[in-house]
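Single-structure report; data block below.
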Amino acid sequence: CWQDPECEFYFSLHVDVVLTNMQTLHSLIEENRKVRAPMLSRHALSRDEDYTCFEDYVELVQSVWNVPYISQAYLIRGETLREELPQRELFSGSDTDPDMASCKSLRDKGIFLHLSNPQEFGQLLDTDHLHPDLWQIFDNPLDWKEQYIHENYRQALEGQEIVEQPCPDVYWFPLLSDQMCDELVEEMEHYGQWSGGQLNDSRLAGGYENVPTVDIHMKQVGYEDQWLQLLRTYVGPMTESLFPGYHTKTRAVMNFVVRYRLDKQPTLWPHHDSSTFTLNVALNHKGMDYGGGGCRFLRYDCVVSSPRKGWGLLHPGRLTHYHEGLPTTRGTRYIMLSFVDP
């Protein structure tokens with residue numbers, strides 16, 4: 001654009017920007033400023049599961065501000081680049097990063113940086129992970145829900161005969177989307193530091209695990225807070241609906257993905273969970289990805305032999321629901337476990 005006299009505008013867009021407004025570029029051009037940027041956000045969620053607005057929201061969305069710094073997404077008029085901003089100077093002359101240097105160059109030449117927010121333009125994403133959208137439950141909760149919560153979850157919560165009870169006080173309901181299951185597994189395999197399934201476990205406060213599995217804790221991959229938010233938002237209401245009179249704090253210190261293989265811990269011996277209730281979510285398909293598997297509740301001699309991908313198995317932990325993991329006979333089986341209200 002510096003060298004092309006027919007270039008009217010230079011638009012810079014960073015990889016962590018998602019523009020959801022198709023009129024963003026048109027709106028910025030209409031404002032007729034030398035330099036302008038759309039305001040992008042990381043949203044908060046209200047109690048009504050809608051985006052939270054500040055008290056001065058209406059005033060803010062109707063404003064264009066002169067600000068000292070812009071980055072990620074901005075538009076510069078072509079003639080401004082060619083006539084007022086020599087290419088070599090724009091991103092140099094500072095010990096800081098190129099964005100800071102370019103903003104300083106603009107300010108030093110008396111060119112205002114305008115930030116525009118007449119409407120919702122888009123969001124900023126977290127790009128520090130293999131699947132950054134997976135971490136967006138706090139910042140972009142509505143988009144996150146659309147991607148990662150099972151399409152039939154709301155119907156199940158509203159009691160539309162979707163929830164099943166395969167064993168006494170064992171409930172089965174749609175929770176996670178296929179995409180969520182796949183990305184959780186991929187994040188775990190990308191991290192790769194699976195435990196050895198030994199009794200001694202340095203990750204635990206006491207250094208000892210009574211019922212060891214080959215697993216990765218959510219805390220290890222930096223997903224503990226996000227998973228706990230999922231429990232509070234989606235599992236807590238379902239639990240209180242299925243177990244009337246019980247009010248959960250949805251507190252869980254053990255949240256982890258377990259991997260079963262024929263050659264490495266294909267099964268799990270009978271045990272009680274250290275929880276008031278346990279959430280067990282199948283992360284892949286029986287028959288397609290693995291053979292065997294399932295869960296047997298010994299007291300009731302009841303077996304859940306065909307777990308459905310993305311469906312959560314919810315059952316009491318201590319005392320009543322002594323259970324075992326049935327042998328995986330081929331392939332690799334992944335499940336997500338949370339011991340809630342220990």
Original post:
Does Ser202 qualify as being small (Gly, Ala, Ser) and modelled with pLDDT of 95 or more?
Top reply: no
Subject >> Pairs where the first residue, in the stretch 180-197, is modelled with pLDDT under 95 and the second is part of a helix (DSSP H, G or I), C-beta under 7 Å, 6+ apart >> reply: Tyr191/Gln220; Tyr191/Val221; Gln193/Gln220
Subject >> Residues satisfying the stated conditions in the stretch 305-314, i.e. closer than 16 Å to Ser338 by Cβ, outside any strand (DSSP E or B) and touching a residue at least 60 places away in the same chain (Cβ under 8 Å) >> reply: Gly310
Original post:
Which strands (runs of 3 or more DSSP E) sit wholly inside the stretch 252-293 and have at least 1 residues that are surrounded by fewer than 16 Cβ atoms within 10 Å (Cβ to Cβ) and in contact (Cβ under 8 Å) with a residue 40 or more places away in the chain?
Top reply: 252-261, 268-271, 290-292
Subject >> Residue in the stretch 218-228 that is of a type in the set (D, E, K, R), more than 16 Å from Leu283 (Cα to Cα) and touching a strand residue (DSSP E or B) at 6+ places or on another chain (Cβ under 8 Å) present >> reply: yes
Original post:
Is it fair to say Ser41 is modelled with pLDDT under 85 and in contact with a Lys or Arg (Cβ under 7 Å, 6 or more places away or on another chain)?
Top reply: no
Subject >> Residue list for the stretch 300-319, filter: more than 30 Å from the chain's Cα centre (by Cα) and at pLDDT 95 or above >> reply: Tyr300, Asp301, Cys302, Val303
Subject >> Residue in the stretch 294-304 that is over 24 Å from Ile149 (Cβ atoms), of a type in the set (D, E, K, R) and part of a strand (DSSP E or B) present >> reply: yes
**OP:** Would you point out the residue of the stretch 147-183, among those that are aliphatic (A, V, I, L, M) and more than 15 Å from Leu231 (Cα to Cα), that is farthest from the chain's Cα centre (by Cα)?
**Re:** Val170
Subject >> Complete set of residues in the stretch 146-187 that are over 26 Å from Gln136 (Cβ atoms) and not aliphatic (A, V, I, L, M) >> reply: Gly159, Gln160, Glu161, Glu164, Gln165, Pro166, Cys167, Pro168, Asp169, Tyr171, Trp172
Subject >> Candidates Pro168, Pro212, Pro244, filtered to the one that is touching a residue at least 24 places away in the same chain (Cβ under 8 Å) and not aromatic (Phe, Trp, Tyr) >> reply: Pro168
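The values are calculated or read from the model by the stated rules, or taken from the named source; none is laboratory data. Model, not experiment: these values are computed from the prediction. Note that each Cβ is placed from the backbone with ideal geometry, even for glycine, and that neighbours are counted across all protein chains shown.
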